[in-house]
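Everything on this sheet refers to the single structure shown next.
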Protein chains: 2
Amino acid sequence: MHRIVIDVMGGDFAPQNPIEGAVLALEEYQDIEICLVGPEQVIAQELQRYPDCPRERLRIVHASEYITMEEAPGIALRRKKDSSIRVGLELVKKGEADAFISAGNTGAVMGGSLLYLKTMPGVAKAAIATFLPTLSGTSIMLDVGANVDCRPEHILQFALMGNSYARYVLNKPAPTVGILSIGEEDSKGNDITRQTFRLLNECSLIDFRGNVEGKEVYKGVVDVIACDGFTGNIALKVSESLAYMISTMLKEELGRGWFNKLGAVLSVKALKRLKKRLDYTEYGGAPLLGVNGAVFISHGSSSPQALKNAFRAARIYVERGVNQHIYDDITKTFAQLNHIENNGQV
Amino acid sequence: MHRIVIDVMGGDFAPQNPIEGAVLALEEYQDIEICLVGPEQVIAQELQRYPDCPRERLRIVHASEYITMEEAPGIALRRKKDSSIRVGLELVKKGEADAFISAGNTGAVMGGSLLYLKTMPGVAKAAIATFLPTLSGTSIMLDVGANVDCRPEHILQFALMGNSYARYVLNKPAPTVGILSIGEEDSKGNDITRQTFRLLNECSLIDFRGNVEGKEVYKGVVDVIACDGFTGNIALKVSESLAYMISTMLKEELGRGWFNKLGAVLSVKALKRLKKRLDYTEYGGAPLLGVNGAVFISHGSSSPQALKNAFRAARIYVERGVNQHIYDDITKTFAQLNHIENNGQV
């Protein structure tokens, strides 16, 4: 049995969506136990809507407070000692659960994870990975916001963590890995990416394909794109901003004149399918990699279905022992690097 | 008379499009003289198509070589001493022309400009500015690729140069300026952006609006977005990649089934108008700011119309003395900063 906690108070549609997502997951996956964390009464009331859900695999843990989407994470974590995020993460820390899912305040989930769970032995910085739809499938990019100033060794670790995630959770037996940079040649990029390039080139555990330029990101040229959290965050958020602008303009243009409106009605199915292809709720949430435990940060607007998918990802993550693979790969890689350094080959 | 040089051999449709663009510009703007640089015979032959163009304002300067789009800029500039890029830039250097336009190899135009024209007094690094269509108009972003590793003073200079360009060429009397970063508060961002934030906050010549997050870029919250060339290039190229993916997927989806095809035909006007709104050829080319002279780098696939627009921008640039404004603003700002530093206020 894999024991997964969900923050009932996280997200724009709490507590409804987290609880519905949990019920869907309980029904679909027989090998998980779910712990709902939040105000007892709220949970009890919401659960009345699901009289047939398998209660024997459902646990409720009371948390009297919760952190809103707007609160400053650091302050909120200090002040609200009984928040659903903290109580949930403490369950993982105490070994009473294996994974934690929240669609709540991203900064608070991340900050709380670092504060209570801490990074794994050997991991210098945890990273948030995101899924990008591409012309040839899906790539994952990390870090997209947990770490602003990164050294090359950190980005190497992100690459190793993303590699394990792609391999064991996304079922890509031999993931390809690149680093986000400008220019294809190894001489291109900034100081950090050039040094990272050399480190990844030495790493025997990764199928390293060199620099990935911005223009190649949505072609899907590699499975894993590693970068510092500043660059990754800019790339992700600029993409979201552009997608929003294009869809807004398209709606405006399709709304002009009856001729276009007719066209829009007729092609609405195509637009819906496009939206589905661009939608990555299928992956349920962005994994926070490198902490003790499995943490998934779902989008604030996640549907019950998306949250159910977060349970699926968390379940596979725990079952396949991704953290152990990450630990092994990082330990092995850094031992090799030290060996190379000590022998003066670099 | 403003004297503007165009590289006849630059771009995917050379020499046709550069020459047609020049002819269109000559006809539309009576106060410019154009110098066509490239192989004499090629130019003479192409010009036969325009028997009525005002030849008295047209000069031809022979250059026997040209640099292709694929060549490594550094090597090509060294080897091809008689390239159209070099010959054209030398005309500006010698004072025989005021501005240079090329739709050729971006790296070679940039490298050649730095090599032959050099940066203006007081300017530490030249920057490439690009135009972004937004939900509320157009923003310019710089640097998008000329400088990979930047210090805060460099980004301050980019902000000042972008400010002058927006004001004098784009006719925005009081441009607003932001820096590309993560998080809105001044405490957010990486080491470089936090330091840049403080510098811009001290700058009296700029209407500084703080950090611009990735998610705000296409909302058009400011007129000028300053950033280092690495981050700017990633933001620009990731955007191009995403736009390409969305348009490809949309075409695929609209091509499925007769019902959708009919919808696509009916809404094709809307899609065309959308494309036009996203298209920034109206601006003709990306200015390379901070060099002695005016240099515009147009897209390789530029239409004659787009190149005509580059002439328009170059003409305004020269007429309004943008370089003088840039020089004045940078000199004044850095004198103020030194004054503040010397008085221990920072």
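The values are calculated or read from the model by the stated rules, or taken from the named source; none is laboratory data. Fair warning: this is a prediction, and the values are worked out from it, not measured in the lab. A quick note on method: Cβ atoms are made from the backbone with ideal geometry, for glycine too, and the neighbour counts reach across all protein chains shown.
Taken as a whole, the structure places A:R86 among residues that are modelled with pLDDT of 95 or more, in the same structural domain as A:V295 (by TED's automatic domain parsing) and over 24 Å from A:E319 (Cβ atoms). Residue count for the range B:148-164 under the criterion of being under 20 Å from B:M120 (Cβ atoms) and surrounded by fewer than 24 Cβ atoms within 10 Å (Cβ to Cβ): the result is 4. Of everything in the range B:125-140 that is at pLDDT 95 or above and assigned to a loop (DSSP other than H, G, I, E, B), the residue that is nearest to B:N323 (Cα to Cα) is B:A126.
For the range B:180-193, give me each residue that is among the hydrophobic types (A, V, I, L, M, F, W, C) and not in a helix (DSSP H, G or I).
B:L180, B:I182
Within the range B:111-130, the residues that satisfy the criterion of being within 14 Å of chain A (Cβ to nearest Cβ) and closer than 13 Å to B:I297 by Cα are B:G111, B:I128, B:T130. Exactly one residue out of B:N171, B:N190 is within 20 Å of A:I182 (Cα to Cα) and modelled with pLDDT under 95: that is B:N190. The set of residues in the range B:178-204 being in contact (Cβ under 8 Å) with a residue 40 or more places away in the chain, more than 14 Å from every other protein chain (Cβ to nearest Cβ) and under 15 Å from B:P152 (Cα atoms) consists of B:R198, B:L199, B:L200, B:E202, B:C203. For the range B:194-201, does any single residue satisfy the condition of being modelled with pLDDT of 95 or more and either touching a His at 6+ places or on another chain (Cβ under 6 Å) or not in a helix (DSSP H, G or I) (or both)? No, the range B:194-201 contains no residue that is modelled with pLDDT of 95 or more and either touching a His at 6+ places or on another chain (Cβ under 6 Å) or not in a helix (DSSP H, G or I) (or both). Looking only at the range B:306-342, which residues are in a helix (DSSP H, G or I) and either of a type in the set (V, I, T) or at positive phi (or both)? Hits for the range B:306-342 are B:I316, B:V318, B:V322, B:I326, B:I330, B:T331, B:T333, B:I340.
Counting the residues of the range B:205-227 that are more than 8 Å from chain A (Cβ to nearest Cβ) and either in a loop (DSSP other than H, G, I, E, B) or in contact with a Lys or Arg (Cβ under 8 Å, 6 or more places away or on another chain) (or both) gives 8. For the range A:264-290, the set of residues classified as under 16 Å from the mean Cα position of the chain (by Cα) and modelled with pLDDT of 70 or more consists of A:E282, A:Y283, A:G284, A:G285, A:A286, A:P287, A:L288, A:L289, A:G290, listed by residue number.
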